[in-house]
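See structure below.
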Amino acid sequence: MARQAMVIPMVDTRSRFLTPFRFGDELTVETAITRFGRSSFDVEHRILKGADSAVECSETRVWARIDLTGQEGLKSQPIPEAVIQALSQNTK
């Protein structure tokens, strides 16, 4: 039996910096999953300084299997329904 492990690599990311902030500022971080595909999902992050958006970020991650023997490399896999259900508690 081949040794395998699951990984969730980030395959796309974007950030917009809107309001400056400094060390010591009180910030709020909001994170939500906005889309599930067969083997990928999108996550959005917002950093707020008071009521103002300071940073808006998005990322796409892929549910994948890595063959630890090195034979097959990294291969996307369907996201298990149990994982979708657990992550859907934080879906926009």
* **Condition met for R16 (at pLDDT 95 or above and either under 27 Å from A86 (Cβ atoms) or not aromatic (F, W, Y) (or both))** => yes
* **Pick from segment 40-92, criterion basic (K, R) and over 15 Å from V29 (Cα atoms), ranking: nearest to the chain's Cα centre (by Cα)** => R61
* To do: For segment 8-30, indicate whether the set of residues that are in contact (Cβ under 8 Å) with a residue 60 or more places away in the chain, in contact with a strand residue (DSSP E or B) (Cβ under 8 Å, 6 or more places away or on another chain), surrounded by 14 or more Cβ atoms within 10 Å (Cβ to Cβ) and not aromatic (F, W, Y) is non-empty.
  => no
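Quick check on my filter: what residues within segment 39-76 are within 30 Å of P20 (Cβ to Cβ), part of a strand (DSSP E or B) and free of Cβ contacts under 8 Å to residues at least 40 places away in the same chain? Break it down into steps so the answer makes sense when it comes.
Step one: filter segment 39-76 for residues within 30 Å of P20 (Cβ to Cβ), giving 42-61.
Those still in the list that are part of a strand (DSSP E or B) too: 42-49, 52-61.
Within segment 39-76, D42, V43, H45, R46, I47, L48, K49, D52, S53, A54 qualify.
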* Has segment 15-30 got any residue that is small (G, A, S) and more than 20 Å from P78 (Cα to Cα)? -> yes
* Asked: In the set I84, I33, I79, which member is of a type outside the set (S, T, Y), touching a strand residue (DSSP E or B) at 6+ places or on another chain (Cβ under 8 Å) and part of a strand (DSSP E or B)?
  -> I33
* To do: Quickly run through segment 31-45 and pick out the residues that are among the aliphatic types (A, V, I, L, M) and either exposed (fewer than 11 other Cβ atoms within 10 Å of the Cβ) or in contact with a Leu (Cβ under 8 Å, 6 or more places away or on another chain) (or both).
  => I33
* Asked: Can you tell me which of L87, L48, L68 is hydrophobic (A, V, I, L, M, F, W, C) and loosely packed, with under 14 Cβ neighbours inside 10 Å?
  -> L68
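The values are calculated or read from the model by the stated rules, or taken from the named source; none is laboratory data. Note that this is a predicted model, so its numbers are computed, not measured. For neighbour counting, all protein chains shown are included, and Cβ atoms are generated from backbone atoms with ideal geometry for every residue, glycine included.
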